[in-house]
Amino acid sequence: MSQTPNRNTTAAAPHAADAGRVLAALASSAQGLAGEEAARRLEIFGPNRLPAPAKEGLLRRFLKHFNDVLIYVLLAAAAITAALGHWIDTGVILGVVVINAIIGFVQEGKAEAALEGIRKMLSVHAHVRRDGRWRAIDADQLVPGDVVRLRSGDRVPADLRLFEATNLRIEESALTGESVPADKGTDAVDADAGVGDRLGMAFSGTLVAAGRGSGVVVATGGDTELGRINRLIAEVETLQTPLTRQMGRFSKLLSIVIVALALLMLAIGAGVHRQPLAEVFLAAIGFAVAAIPEGLPAILTITLALGVQRMAQRNAITRKLTAVETLGSVTVICSDKTGTLTRNEMTARHVVTRGGFYEVSGTGYRPEGEITLEGKVAGLADHGHLHALIEVIAVANDTHLAEEDGQWKVTGEPTEGALRTLAHKAGFDAGTHERHASIPFESANKFMATLNTAPGGVRRILLKGAPDRLLDRCHLELGATGGFEALDRAFWEAQIEALSAEGLRVLAAATREVGHDKDALALEDLEEDMVFLGLIGIIDPPRPEAIDAIRSCHAAGIRVKMITGDHAGTARAIGIEMGLGTAGSLKVITGAEIEAASDEDLQRIVQHCDIFARTSPEHKLRLVKALQARGEVVAMTGDGVNDAPALKRADVGVAMGIKGTEATKEAAEIVLADDNFSTIERAIEEGRTIYDNLRKAILFILPTNGAQGLVMLAAVVLGLTLPLTPVQILWVNMVVAVTLALALAFEPAEPGVMERPPRKPGTPIMDARMLWRVGSVSLLIGGATILSFEYALAQGMELAAARTLAVNTLVVAQACYLFNSRFLTASSLAPARMLTNPGAIVSVATLGLLQLGFVYLPVMNAWFGTTPLPLDHWGAPLVTGVLVFLVIEGEKAALRRPRR
C-alpha cells in the first residue's frame, strides 16, 4: 500500500460511513493487507493489547498505612524517648505503630486489578486475510486496515467495520447492557448513534452468538471501545469513604489539641515548677501517649473485619474493609438492569391467540411454571389454539436446555431459549417431529422457518419471527372457533402495541399444511396462504427478591435508580414492575438527553428521575458524579464491563459474582456471590450495625484515653508526681482498651436499624451527647485514678506500688464502663441485656487474667515498673469501678427523661 493511515484516520466515526469509504480511508481493500504493510503499521500503532498500568509496590502499599496525623505524633514521641535513652518506651511505641500498619496492610489485601480483568476479555487468535490468503494469527498482531473473518463462537479481536454479514448476531451485553444479542449488518448509521445502535460495527471483546461476517479493523488496543473503557477506569478518581473522611478530620483535630496541651505542659513544668527538662519531656510524652487512642485504628480494622466475615456468610464478599461501613451510609443505589435487577434470562410472559390471553408463570430458563387462562391452568389437549402455537415455537427451534450445577442454561439464542422453556412448561415434546428442511434466521428477514412432519403424518411449514414480517405473509388466522378466518390485522397490531408498551419483546407464529411430496423449503413457500396463530411476549424478568429489596430500601430512606443500556420502553416497564414509579408518573431519561445536559442540569435531573436508558459508560460515570456533587453517598451495582468505571467512582461499587465480568469484580469493593440484589439490602443493614458498633467503641475508648491524659496533665500542672509512666499508659491503651472494646464489635443490630433514614453525609461521628459523655467519664475515671494514687502515697506505699494501684483503678473502672457503653442511651442494668453479648463477659474475663499477669508476673514487673500487691489492695479499684458504672447509668436515665 502506498498510504498508511494515522491515528486520526481511525478515530473518525466508521459506523457513520459506508464500508467502502472506510476501507479506502484505511488504505485497504476486501483482500486485506500485504504482510510487509501490516508489519509497518504494527510499528506505528503498536500491538493490539491494552496498555498495562504501573503497579503499586508492596513497600509503598505498606508505608501508606503510616500516613496518619496521629501516627506522626506517636513517631515523634518515639524519637524523643529514644533521644532521652528510654529504649523500652521507644520500642513499645514503635511496636504499636508497626502492629497497626501490619493489620491494615493484611486486611486491605491486594491492589486493584480492574484493567487485568479487561485484558482477559481480548481474543487470543484472529482469522485475518494477509497477502490474499486467510490465516490464523495472534490477535495482538492485528493492525488498522486488516480484514478479519468472524464465525459463531468467536470473540471479536478488535473494533471492526463490517462489510459482510450473514445472520450475524453478537452478544454485546458486557458493553451495552442489552439482554439479547444484537443483529449486525453493513449499513451506516447516524454519527451520534450510541454503541448499542451501531449495527455495522463489531466491538473488541464481544462474542459472536450466531452467523458469520467479515470486517476491516478500524481500531486496536487502547483505541478500541474496550480500550476507551479501560482508560475511563484508569482515570477515575476513587473518593474517600464517609468513615475515612470523618476519622481523618477527627485525627487532625485531636492531634492539634494533644500537641498544644503537651507544649502547655512543657511550659508549666519547666517554667512554673522549675522541673528538670528531661522529666518534663517524659511527662509530655506520657500525656501524648495517654491521649492518643492507639487502639482505635486496631478496633476500627477488627470491627470492619468482623463485619466482612458476617457479610460473607450472607453472600456479600468484601474486597475493601471501609466499604462495609460506607454501605451503612448509602443514600442512593444506582443499579444496572440486566443481570442485576433482572435475571438476564429471557422469559415468556404472555401468549395471545384468538382463544384468549394466556399468562405464563415462572422466571428464567428453569422449566417450572404454568400457562393459565383467566386463572385456570390451560392444558394443550383442551386448548387447540395454544397447542398450534406451542408446536411452532418448540419445533422451529434450535436451542437446548440443560441443568448445570443447579443452574438451567441455554445453548443457543436467549430468545429461542425462552421459547424452548415455554414449550417445556406446556409439556410439549418436540422430539417426535421430523425435520426435512429449514430457513435459518437472517437479520434481513427476521424470521425462521422449518418443514416438519408431525406424529400424525401431517407435513407443515412452521414459521416464527417478527410480527410485522409474519403478518405480511398471512391472509388467514386461526379463529376463535378453531377454523380458519380472514386475518384481522388491526386486532393483532393492537395486541402487539399493548405488549410492547409493557416492555415485552414480541414474536409471532404461523403455519401452513403442505403435501407429503414436499421436501425442500424456499422463501417463496412463505409468501402465501400462511395462517397466523398468535403472539408471544418475552422479557428479561425482574428478580422477585429484588422487588422486595427495593421496597425495604425505600423504607430505609434509600433511593434506587436504574441505569441501563437497554431501550427506554423496556426500562420503563421493568421500572414500574420493580416499584420505582407508577405508569402515570415515571419518567425515563435517555443517553441522548444525558449527553445534551450540562453538569448543573444533570444534577437537577438525577434528583427527580430514577430510570435512565440507552446509557454508555461515560453516561453512567456522569450520573454517579452528579449524585455525589449533590452530597449523596452512592452505591453502584453492575455486572458488565460498561459498569466498571462507574463502580470505581462510586462510594461503594457492588459487582455480581456469578455473571459479572472479571473487570467489574476487580473495580468493585463488594462482590455478591449469589448475584442477588436483595443481598445489597442485607449488606446495608450490616453496614449500619457496624457503624453503630464503631460509635460505641469510640464512646468507650476516648473517655479512657481522656482519663489517662487528664491524670498526666493534672500531675504536671499541679506539680505532682506522675501517677503513670508512658509505658504503663501504652499497656492500658493497647491491651486493656483493645481487649474490652473488641467486645463491642460483636454487638447485634439495634432494633429498627432499617427503619431509620441514612445518616446525612458530613454528619460528625460524635454528636453533642457523645462529647458530654467523653468529658464526664474522663473526669470521673481520671479523678478516681489520681485520688487512689495520692491516697496510696499518703499511706506510705512505695512509688511502684502506688502506680500499680493507680493502673488497677484505671483498668477496673474501664471494665465497668464497658457495660455502660454497650447501650448508647438504654439502661444497662437489666439482667437480660447484660447477657445479650457473651463477648463482653469473655473480654472482661480475659482482661482480668492479663491484669493479674501485669501485677504478679516478674517479667511484666520488669518491663512496666509494677510490683505485686496484696489481695486487699483490689478492694478500692473494684468499689471505684462499681461507682463509675452506677453514676453513668444515672446520667443515662436523666438524659432519657422527657424534657418539658
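The values are calculated or read from the model by the stated rules, or taken from the named source; none is laboratory data. This is a predicted model, so every value here is computed, not measured. Cβ sites come from the backbone with ideal geometry, for glycine too, and all protein chains shown count toward neighbours. With ligands, DNA and RNA removed, areas are computed over all heavy atoms of the protein, side chains included. Shrake-Rupley method; radii C 1.70, N 1.55, O 1.52, S 1.80 Å.
So the values come out like this:
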item	result
Mean Cα-pair separation over length for the chain, i.e. relative contact order, pairs under 8 Å, 6 or more apart, %	13 percent
Nearest 10 degrees, 0 to 90: helix 677-717 Cα axis against the chain principal axis	20 degrees
Segment 494-504 - phi-based ³J(HN,Hα) in whole Hz, Karplus 6.51/-1.76/1.60, Gly and Pro as x	5, 5, 4, 5, 5, 5, 5, 5, 8, x, 8
Cut-off under 5 Å, modelled amide H: who pairs with L487 long-range	L476, E477
Computed helical MRE - 222 nm, the chain, DSSP H runs ≥ 4 contributing -39500 (n - 2.57), nearest 500	-14500 deg cm²/dmol
Sites E755 and E524, calculated FRET efficiency, Cβ-Cβ separation with R0 60 Å, nearest 0.05	0.35
Summed residue charge, Cβ within 12 Å of H475's Cβ, Lys/Arg positive, Asp/Glu negative	-4
Antiparallel DSSP beta bridges within the chain, as percent of all bridges there, nearest 5	75 percent
Projected label distance in nm at L58 and D192, using a 7 Å step from Cα toward the beta-carbon	5.4 nm
Segment 501-546, relative contact order [Cα under 8 Å, separation at least 6], %	57 percent
M834 versus A444: modelled label distance in nm, points set 7 Å from Cα along the beta carbon direction	8.7 nm
Estimated distance in nm for a label pair at D131 and Y791, the labels positioned 7 Å out from Cα along Cα-to-Cβ	10.0 nm
Segment 542-699 - percent relative contact order, Cα under 8 Å, separation 6 or more	19 percent
Amide H contacts under 5 Å for L33, placed H, 5+ residues apart	D131, V147
Stretchable slack from R469 to A454, in nm (0.36 nm times residue separation minus alpha-carbon distance)	2.9 nm
Solvent-accessible area per residue for segment 695-736 (1.4 angstrom probe, square angstrom)	19 Å²
Portion, in percent, of the accessible area of the chain that falls on carbon or sulfur, probe 1.4 Å	58 percent
Net charge of neighbours whose Cβ lies under 12 Å from the Cβ of L207, counting Lys and Arg as +1 and Asp and Glu as -1	0
3J(HN,Hα) from dihedral phi, segment 487-493, Karplus parametrisation 6.51/-1.76/1.60, rounded to Hz, x for glycine, proline	5, 9, 4, 4, 4, 5, 5
Three-way shape label, segment 447-499, alpha-carbon gyration tensor, a/c 1.5	oblate
Folded to 0 to 90 degrees: helix 414-426 orientation relative to the chain principal axis, Cα	80 degrees
Above-threshold pairs, the threshold being 30 Å between Cα atoms, out of K648/K760; K376/K561; K376/K464	K376/K561
1.4 Å probe accessible area per residue over segment 522-578, in Å²	30 Å²
Size of the chain as Cα extents on the principal axes (Å, biggest first)	121, 73, 48
Contour excess over end-to-end distance, with Cα ends at T582 and A555 and 0.36 nm allotted per residue	8.0 nm
Per residue value of the accessible surface for segment 778-834 (all protein chains in place, 1.4 Å probe), Å²	36 Å²
Efficiency of FRET from Cβ geometry, E545 and Q407, R₀ 25 Å, rounded to 0.05	0.95
Descending semi-axes in Å of segment 748-867, equivalent ellipsoid built from Cα gyration tensor	35, 19, 13
Cβ-derived FRET efficiency at R0 41 Å, V98 paired with A845, nearest 0.05	0.90
Tilt relative to the chain, helix 599-608 - C-alpha long axis, 0 to 90 degrees, to 10	90 degrees
For T206, distant residues with modelled amide H under 5 Å away	V156
